[in-house]
Amino acid sequence: MRRKAIITGVGHYAPEKVLSNKDLERMVDTNDEWIVSRTGIRERRILEEGKGSSYMGYQALKMILEEKDIDPEEIDLIIVATVTPDTMFPSTACRIQHMIGASNAWGFDLNGACTGYIYALATGAQFIESGAHKKVAVIGADKMSAIVDYTDRSTCVLFGDAAGAVLLEPSEEADYGILDWILHCDGSGGEYLHMLGGGSLYPASHETVDKKMHYIYQDGRTVFKFAVTKMADVSAEIVEKNNLTGNEIKFFIPHQANLRIIDAAARRMGLDDSQVVVNIDRYGNTTAATIPLALSEVYHDQKLQRGDYIVMAAFGAGFTWGSLLLRWAI
Ligand code: ACO
């Protein structure tokens with residue numbers, strides 16, 4: 001029988017410091033009413049200077065290991081979805097491996113932008129299903145405040161810092177765990193959402209700094225247009241492909257970039273509000289962290305029961321987009 005990858009633990013970390021819409025009103029020409037009505041965001045968390053995404057990812061993984069009383073040496077693989085690695089290299093996964101003491105694990109970072117966590121979960125599941133590994137940690141961690149220009153009102157209101165993580169383990173039950181995924185990318189969208197500086201094409205220089213190339217650039221209107229249709233399409237597609245209907249889905253856990261995009265996808269799937277997990281009001285867009293952070297909150301609120309179907313979906317830079325269907329197994 002083919003093994004399935006099931007989620008056996010969930011954790012998250014959000015920094016204590018809150019940056020509210022009122023705070024942003026004092027920094028740029030914006031207002032709470034605009035931000036809430038256009039995005040659904042009320043506040044976001046900001047990680048202190050001197051700490052990187054690895055710190056948050058480590059905290060999220062630590063939460064799982066402590067709750068489940070698992071020795072870090074049992075972990076085989078650490079995958080970190082991030083667009084804000086601590087450094088270009090070593091990878092954030094290597095840093096977390098060392099911080100947590102996972103001395104038997106290997107690991108790597110994966111960049112799928114806001115779809116990164118779905119890419120990473122689908123990837124991690126392969127190492128379980130193939131029989132290669134028994135414990136795979138899949139972390140999404142982003143310190144977006146490190147690449148946000150706090151003089152640009154069109155982007156600085158959107159993003160925040162956080163991390164989330166799950167532990168994947170094998171199960172012999174064919175109908176549980178990660179059941180299906182649909183993943184896409186379309187590189188022609190790169191011009192609308194990117195951070196150009198600091199890579200091999202535009203290495204850091206006085207010029208890249210002067211031109212603000214180390215910050216996020218987004219053509220919000222164009223990205224919105226693609227996101228709202230692609231995320232709705234791919235969410236509905238995975239439900240139909242698996243012969244399910246909207247009312248059989250316990251929770252839809254979408255990437256939290258914009259409440260209007262989430263609502264459009266939920267409507268397309270025929271869901272009501274109680275089925276849609278939303279925490280964008282409290283955290284903003286934390287890129288690869290939004291989905292595991294939301295899952296961890298739902299899990300720790302004890303809203304999940306064995307047998308529940310969960311659909312995850314995301315859209316992000318690349319463009320990248322995708323959805324994933326899982327059935328809760330613990
Ligand atoms: N406060 C007040 N006014 C603002 C602000 C602000 N913070 N930001 C922009 N405006 C103004 C604009 O200047 C514009 O004014 P104008 O009409 O005089 O030119 C007006 O508000 C409308 O601007 P739009 O950009 O058209 O606003 P829109 O309704 O599209 O909302 C937003 C902008 C929230 C960014 C939206 O486009 C969006 O959510 N886009 C998709 C984001 C997304 O999904 N990204 C993918 C994931 S991110 C990742 O992968 C890293």
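Throughout, read-outs are computed from the coordinates displayed, never taken from laboratory work. Since the model is a prediction, treat every value here as computed from it, not as a measurement. Counting neighbours? That spans all protein chains shown, and the Cβs are built from the backbone with ideal geometry, glycine included.
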Here the net charge surrounding Asp109, from other residues whose Cβ is less than 12 Å away from its Cβ (Lys, Arg +1; Asp, Glu -1), is -1
In debye to the nearest 20, the charge dipole size for the range 178-327, taken about the Cα centre with +1 at each Lys and Arg Cβ and -1 at each Asp and Glu Cβ, equals 60 debye
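Could you state, as a whole-number percent, how many of the C-alpha pairs of the chain are farther apart than 32 Å?
23 percent
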Restricting to lysines and to Cα separations under 19 Å from Lys250, and discarding same-chain partners fewer than 8 apart, the set is Lys241, Lys303
By the C-alpha gyration tensor axes a ≥ b ≥ c (rounded if a/c is under 1.5, else prolate when a/b exceeds b/c, else oblate), the shape of the range 200-320 is prolate
Once amide hydrogens are built 1.01 Å from N within the peptide plane, the residues lying 5 or more places from Gly197 or on another chain with amide H under 5 Å from its amide H are His214, Tyr215
Of the listed links Lys22/Lys212; Lys17/Lys211; Lys68/Lys134; Lys62/Lys143; Lys51/Lys211, those spanning more than 22 angstrom between alpha carbons are Lys22/Lys212; Lys17/Lys211; Lys51/Lys211
So, relative contact order of the range 178-327 in percent, Cα under 8 Å, 6 or more apart, is 37 percent
The ³J(HN,Hα) series, computed from each phi in the range 308-321 with the Karplus coefficients 6.51, -1.76 and 1.60 at θ = phi - 60°, rounded to the nearest Hz and given as x for glycine or proline, is 5, 8, 10, 10, 10, 8, 8, 9, x, 4, x, 5, 10, 7
Fewest to most Cβ atoms within 10 Å: Tyr119, Tyr58, Tyr192 sort as Tyr192, Tyr58, Tyr119
Taking alpha-carbon centroids only, the range 242-314 lies from the range 97-116 a number of Å equal to 24 Å
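When you count, for each residue, the other Cβ atoms within 10 Å and take the mean per peptide, how do 87-99, 247-259 rank with the highest first?
247-259, 87-99
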With Cα springs under 10 Å, the Gaussian network model of the chain assigns the largest mean-square fluctuation among Ala163, Ala125, Ala141 to Ala125
Once amide hydrogens are built 1.01 Å from N within the peptide plane, the residues lying 5 or more places from Asp308 or on another chain with amide H under 5 Å from its amide H are Trp328
So, relative contact order of the chain in percent, Cα under 8 Å, 6 or more apart, is 26 percent
The answer for the chain, counting only DSSP H helices whose Cα atoms cover 18 angstrom or more along the axis and whose Kyte-Doolittle average is -0.5 or greater, is 53-68, 116-129, 220-241
Amide H proximity to Gly107 below 5 Å, modelled H, separation 5+ or other chain, gives Ile78
Taking only the alpha carbons of the range 4-174, the radius of gyration and the largest Cα-Cα distance, Dmax, both in angstrom, are 17.4, 56
Expressed in angstrom and rounded, the centroid-to-centroid distance over alpha carbons for the range 9-28 and the range 33-59 is 4 Å
Phi-derived 3J(HN,Hα) across the range 248-258 with the Karplus relation (6.51, -1.76, 1.60, θ = phi - 60°), rounded Hz, x for Gly and Pro, is 8, 8, 6, 9, 9, 10, x, 4, 9, 10, 6
With a Förster distance of 35 angstrom and the Cβ-Cβ distance between Phe89 and Asp308, calculated FRET efficiency to the nearest 0.05 equals 0.35
At 25 °C in a medium of viscosity 0.890 mPa s, the range 255-330 has a Stokes-Einstein diffusion coefficient, with Rh taken as the Kirkwood radius over alpha carbon pairs, in µm² per second, of 187 µm²/s
Per GNM of the chain with C-alpha springs under 10 angstrom, the most fluctuating residue out of Ser54, Ser130, Ser20 is Ser130
Ranked by GNM mean-square fluctuation in the chain (Cα springs under 10 Å), the top entry among Thr115, Thr320, Thr245 is Thr245
